[in-house]
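Let me begin by presenting the structure, written as structure tokens, before commenting on it.
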Amino acid sequence: MEDQVILGLGLKPRPQSAARIRGRRWLKRREIWLVALGIALHAVYMLSIFDIYFKSPIVHGMDPVSPRFTPPAKRLVLLVADGLRADKFFEPDSDGNYRAPFLRSVIKGQGRWGVSHARPPTESRPGHVAIIAGFYEDPSAVTKGWKANPVEFDSVFNKSQHTFSYGSPDIVPIFCGALPHSSWKSYPHEYEDFATDASFLDEWSFDQFKSIVNRSREEPELKRLIQQDQVVIFLHLLGCDSNGHAHRPFSPIYLNNVKVVDRIAKGVYNLLEDYFQDNQTAYIFTADHGMSDKGSHGDGHWSNTDTPLVAWGAGVKHPRPASNNNHQDHGERFVDEHDMHDTPTPTNWGLGNIERVDVNQADIAPLMVVLCSTLLGLPCPVNSVGSLPLDYIDLDKGNEVEAVLANTKQILSQFLRKSQLKQSNSFRFKPFEPLAHYTSILDQIESLISSGDYELAMKLSRNLRSLALDGLHYFQTYDWFMLMSVIILGYIGWMLCLILHVLQSYTSLPGKILKKEEAVFTRDRPTKVYLCGSLIMASIFIVLYLEHSPPLYHAYSAMTVFLWTNIFSEYRFLRALWRFLLAKESFRFIEFSATCAVSIIVLELLVRSFTQRIMYTWCFLIVGAIAPVYLIKSIPWKSGMPIFVWLSCWFLSVFTLMPAEIPDNTVLVTVSGVIIVVIGGVSRYLYMHTKDNKYWLYIINHDSKPSFPMLFHLQALLVALSSVLVYLSTSHRTENRELLPLHQTMNWSIAGLSLVLPLFSATDLLSRLTSIFLGFAPPFLLLSIGYEAVFYGALGLALFGWILFENALLYVSKPRKSVSSFDIENDNIILEEGDRCLQLSDMRIPVVFMVFFNIAFFGTGNFASIASFEISSVYRFITIFSPFLMAALLIFKLFIPFMLVICAFSAITKLVRVPRLGCYFLVILCSDVMTIHFFFLVKNTGSWMEIGNSISHFGIVSAQVVFVLLLFALTNVYTKGIQTHSANRVSRKTV
């Protein structure tokens, strides 16, 4: 026999039997079905968070509740400064001058002030829904990018006689586009250019409203609309948001925009007071969300949640001196409670002597409702769940109680409607016991009001409102236990299906524990098991149908029953496997248990790393110390490889110690291009000078040649050009506030060309991976703003260290079995040519992959947070606001480190000759171990920052089955041609 063996694990291909060919086709069809099932299952189960935690709070069918007293105001003006932080609004500038002199004069002499606390997601639409409609965003709106109304809801605008609204095309049409009694206008999307000072957008909104008011002096119909009672005027001021994204909230442009907003508030006030001259206009100034220091928003950091609130005019209390005696009790809150309520007023705000009243953002709508319903004579929006902030309203004791009672009745009507709907659709309905006798409480409140005992009536009204909110939460999570049980059982069933498939199709176990004809694709599916599963599924469907459950409830149950039916249909294999593990050779069970334990420990550490990025630092510090020791003892010649692995691991460990908020550093991005070129040059040097070294023969093939000889030099040139363009584009845009078309064209061209060039490189492992590394570098550099560009080079070095370590394991491993025994053992296993069976020790490959895959997530920040995406990253490609293109570029930047990891993973599977798809299924298995843990960590109590993070963590890990598969498909274009050391190149002496 010629030299045909690679470490005893590969043989020269033999003529394949018809049965083996049919078996391979069957396996391919089965895996296509399994992958499709996994994608469908994770997609459906991911939607379960919308039924459990993000279920729409909106119900219909309630009657509005109107206050029972005469309103003192005729119109309401709402000014919303999008993206305005509370601290930047209240604090003085460097010269000691305050940026909002008019509104400060209002706070000191005319109205009330405080901080409005938003809750995540701190985005524009959710914030405006809370302000205008009085409830926290309907989560189903996320499926439409928070642009449309998937579920119609009531709002202050709906209750008004007429609404005038001007501002952003992303906000104004949402609330006024389908409102017949409204006059509105928005500017074109092209106006939102991040390369300019966006304060002109605020001026545009004011100019439009000013034009309407001036026209009404000459147009009778327009005058009638403006001068009627119960009118709402809404100006959406986008400038702070756009300038914050483009220039950060510490920039002079953003801070000057605060002054612009103050001038507009003054202009609106003077315009209306001069026009009406009746002192019956109420004003509210606030913001939908803040802005983080790096120019983003979305998470629960105080810089995003704390916004200013100023109210003045008709029906609003005047300022009062600050004291402990007149401070409002903020104990009445919705389910979420904000940690930042009632924090001390900073000294530099200069308002410590004036009473401050903080509110939840959703409380502004009841405030507006009092200024609209209580003060304008309108009923409260029927979906409002906010608590009425009485310290803003100038009412006597009796009317205060009436206002709170109206607010309570509106929330109670929502509770009663939800209770009625749930009772009509449940076989075993469990009512909310604390409100079983709500009618007697209402009667008692009415009696107390009639007798003039307002203090006790107020206390009972607040208690009843609190109970009604608890009842809403009770029915919001009514199906929680059932859904959680079904979904957890489904995940466990899916994981068992993966384990069974890998054991039956990619290991030698079937040939050991079953007869030959039962080993792989000849399966006797017991009819009774399928019949029983069908009956269970039909019974569940009938119950869910009679309860009018949503279609997704049927999908959750169907998938879970289907998975467990398939598991029980393999009872013969399961029984044989259990006997095999418990046989006399107990070391098998111990080895299996130890492997599972180590894998789970690593995965649990990865779970913890989602909240503590420093875990990766410790991981790579420890690995960087242990792996070189093994290499020193294993490699039989002096080599710099252990030092390289040590340095690469420790270099990568540094990045998870850095702040998640990446500071701008254009020079560092430019220098990173030099580092990347040097790394590519060293790899090229190894390729040219290791021809006679047997160790490198596994990853270098000098017979493989690139399509054209100057490929490496061209790729290095593109990396260098991209580094230069990073500096030129950023410098020119900063100085001139625009992006030159020449720069933009060159950036797009370099990024596109560099992604194609790796396809023309040599097909040996080292050359192809080096080309891929250089090919992904230009677009990543052009999308970088700081140290993440250096992280790209560090990740590439660590991945190469992983490949070298696996290569060392391959080189020093000794075959334990003869060629003939290996042939017999694998005779019943359907593998690709050259692949070997998976072994228990191969579990290290998917586990290490999970570590690298996750550090690609968290190496340069917290990608579990919406606010971690730096929109300024895309300014070298586009500055005109285009959310879809900008999002696509941000996602592509996020993909690049993952693609490097996937390419290294694919190369390693080729290097050690293990089935790539088998390893993919093990990766998904590891991912789902983390998914189940995160599913248990999802919270529905505590701060909404914690709740939002827990849900995003679950979504990220749950989506990896699709995410990894997509990346496998993308990177397969680059890695499918990789060739490692072939069988006929290794001497028989290695056996």
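A search for C-beta distances below 7 Å between a residue of region 849-869 that is at positive phi and any residue that is modelled with pLDDT under 80 and not small (Gly, Ala, Ser), counting only pairs 6+ apart in sequence or on different chains, returns Gly861/Ile662.
Filtering region 691-732 to residues that are at pLDDT 70 or above, open to solvent by 40 Å² or more (accessible area, probe 1.4 Å) and outside any helix (DSSP H, G or I) leaves Lys705, Pro706, Phe708, Pro709, Met710.
Among the residues of region 660-678, is there at least one that is surrounded by 17 or more Cβ atoms within 10 Å (Cβ to Cβ) and without any contact (Cβ under 8 Å) to a residue 40 or more places away in the chain? Scanning region 660-678, I find no residue that is surrounded by 17 or more Cβ atoms within 10 Å (Cβ to Cβ) and without any contact (Cβ under 8 Å) to a residue 40 or more places away in the chain, so the answer is no. Scanning region 396-452 for residues that are more than 10 Å from Ala468 (Cβ to Cβ) and of a type in the set (Val, Ile, Thr) returns Val401, Val404, Thr439, Ile441, Ile445, Ile449. If the condition is being under 16 Å from Phe90 (Cβ atoms), at pLDDT 90 or above, in a loop (DSSP other than H, G, I, E, B) and in contact with a strand residue (DSSP E or B) (Cβ under 9 Å, 6 or more places away or on another chain), then region 291-323 contributes only Pro319. For the criterion of being part of a helix (DSSP H, G or I), open to solvent by less than 30 Å² (accessible area, probe 1.4 Å), in contact with a helix residue (DSSP H, G or I) (Cβ under 8 Å, 6 or more places away or on another chain) and modelled with pLDDT under 85, Asp51 passes. Filter region 876-930 down to the residues that are over 25 Å from Ile772 (Cα atoms) and not in a helix (DSSP H, G or I), then identify the one that is modelled with the highest pLDDT. Ranking the qualifying residues of region 876-930, first place goes to Ile878. Only one entry of Tyr553, Tyr545 meets the criterion of being at pLDDT 85 or above and surrounded by 15 or more Cβ atoms within 10 Å (Cβ to Cβ), and that entry is Tyr553. Residue-level check: of (1) open to solvent by less than 30 Å² (accessible area, probe 1.4 Å); (2) at pLDDT 80 or above, Ala43 misses just (1). Residues of region 424-459 that are touching a Lys or Arg at 6+ places or on another chain (Cβ under 9 Å) and among the acidic types (Asp, Glu): Glu455 alone. Evaluation of Phe285 against the conditions (1) aromatic (Phe, Trp, Tyr); (2) modelled with pLDDT under 60; (3) crowded, with 24+ Cβ neighbours inside 10 Å shows that the sole unmet condition is (2). Checking Leu781, Leu757, Leu769, Leu809 one by one, the residue that is more than 27 Å from Pro663 (Cα to Cα), open to solvent by less than 20 Å² (accessible area, probe 1.4 Å) and assigned to a helix (DSSP H, G or I) is Leu757 and no other.
Yes/no matrix, rows are residues, columns are (1) among the small types (Gly, Ala, Ser); (2) within 26 Å of Ser183 (Cβ to Cβ):
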residue	(1), (2)
Pro249	no, no
Asn270	no, yes
Asn279	no, yes
Ser292	yes, no
Asp299	no, no
Thr305	no, no
Gly315	yes, yes
Ala322	yes, no
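With respect to Ile750, determine if the residue is β-branched (Val, Ile, Thr), at pLDDT below 90 and open to solvent by less than 20 Å² (accessible area, probe 1.4 Å). Spelling it out, Ile750 is indeed β-branched (Val, Ile, Thr), at pLDDT below 90 and open to solvent by less than 20 Å² (accessible area, probe 1.4 Å). Of all residues in region 511-536, those satisfying the criterion of being under 28 Å from Lys28 (Cβ atoms) and modelled with pLDDT of 75 or more are Pro526, Thr527, Val529, Tyr530, Gly533, Ser534.
Thr408 meets the conditions (1) among the hydroxyl-bearing types (Ser, Thr, Tyr); (2) at pLDDT 75 or above; (3) surrounded by fewer than 22 Cβ atoms within 10 Å (Cβ to Cβ) in every case but one. The failed one is (3). Among helices (runs of 4 or more DSSP H) entirely within region 169-277, having at least 2 residues that are in contact (Cβ under 8 Å) with a residue 60 or more places away in the chain and either of a type in the set (Val, Ile, Thr) or open to solvent by 10 Å² or more (accessible area, probe 1.4 Å) (or both) singles out 199-216, 220-227, 239-247, 252-276.
The values are calculated or read from the model by the stated rules, or taken from the named source; none is laboratory data. The model shown is predicted, which means the values in this text are computed figures rather than measured ones. Cβ atoms come from the backbone with ideal geometry, glycine included; neighbour counts cover every protein chain shown. With ligands, DNA and RNA removed, areas are computed over all heavy atoms of the protein, side chains included. Shrake-Rupley method; radii C 1.70, N 1.55, O 1.52, S 1.80 Å.
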